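Below is one structure; the comments refer to it alone.
The values are calculated or read from the model by the stated rules, or taken from the named source; none is laboratory data. This structure is a prediction, so every number in the text was calculated from the model and none was measured. Reconstructed Cβ throughout: ideal geometry from the backbone, glycine too, with neighbour counts over all protein chains shown.
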Amino acid sequence: MSFSETISPFFGRCALVYFYLTSAMDILGNWQGIAADLAAKHVPIPPLVLVVALVFIFIGSVSLLFGYHTRYGAVMLFGMTIVSTFALHDYWHYADAHARAYQLSIFIRDFAICGGLLLMVGMGPGPFAVDNRGKGGGKKR
């Protein structure tokens, strides 16, 4: 296995973790504004939705960062991201061309991130992951 095949899955996981943790910091830093945006989109109980999103982001990010139960963490983040993408970035409902283009760009970005998460589900975390640590003494046969 080449060096790039060994290390690139780890860096890919780190990039996803960076995206989600910066999103979590944005939620924490702009709680009232994001709750108001959710309420404007008719999301029920916006503070509870934000708490659930933060829990999913934290658990999923830890999972991806360390490669521990990576597939479960990626599925959790995928489910949260795909639901929020379709619910919050419904570009097809915008009449203003600038607002539509902005929402479409976020929709496409989030959809691409979902693709990366599905790759994690299908291909696993790569060699540098807790999921791939040795299973205990002796040689494998």
Being part of a loop (DSSP other than H, G, I, E, B) and surrounded by 13 or more Cβ atoms within 10 Å (Cβ to Cβ) narrows 49, 43, 17 down to just 43
I'd like the full set of residues that are at pLDDT 95 or above and either on the phi > 0 side of the Ramachandran plot or of a type in the set (D, E, K, R) (or both), limited to the range 96-126. 96, 100, 109, 110
Residue check for residue 29: closer than 21 Å to residue 131 by Cβ, of a type outside the set (Ser, Thr, Tyr) and modelled with pLDDT of 95 or more: no
Residue tally, condition closer than 30 Å to residue 5 by Cβ and assigned to a loop (DSSP other than H, G, I, E, B), over the range 74-133: 7
